[in-house]
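Here the structure comes first, spelled out in structure tokens, and everything after it is commentary.
A short reminder: the numbers here are calculations on the coordinates, not readings from a lab. Quantities reported herein were computed from a predicted structural model and do not represent experimental measurements. So basically every Cβ, Gly included, is an ideal-geometry build from the backbone, and we count neighbours across all protein chains shown.
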Amino acid sequence: LPSAYGAATPMYGGGYGHGLGGYGMGGGIPPTACVMRMQGLPYKARHRDVEDFFRGFEFIPGTVEFGVDSSGRPSGEGWIIFRNSQAARDACSAKNNQYLGDRYIKLFL
């Protein structure tokens, strides 16, 4: 993901058990995919927590990435990929400012 999202940079795989190599069973990201940025994530959030947060929406399993600050600590930012822009808009409308744990999450498309 581009660093234009802010000071935090996404962590690809290192320590979280996920990476950009094999999304879903068939691998690859569809050309219609849409990235959503999340802000305010709990620092201890895991991939499963974010996927549970978006349960019922058409995200691509295994695409959650977390941002880290310059010292390598979680930044509270993250990204998830949805199958298309409509699925991302639906999730954003329903879940923006909702709580994940004890933190409310801001969503951006």
Exercise for the section: Towards the positive end of the charge dipole of segment 30-75, with charges on Cβ (+1 Lys, Arg; -1 Asp, Glu), say which of GLY56, GLY72, CYS34 has the farthest Cα. Expected result: GLY72
Exercise for the section: Name the long-range amide H neighbours of LEU100: under 5 Å, sequence gap of 5 or more, or other chain; modelled H, no Pro or chain starts. Expected result: ILE105
Problem - Full-stretch length increase - ASP102, ASP90 - with 0.36 nm per residue and alpha-carbon distance subtracted - result: 2.0 nm
Practice task
Starting from the Cα-Cα distance between LYS44 and GLU58, subtract it from 0.36 nm times their residue separation and give me the gain in nm to one decimal.
Solution key: 2.6 nm
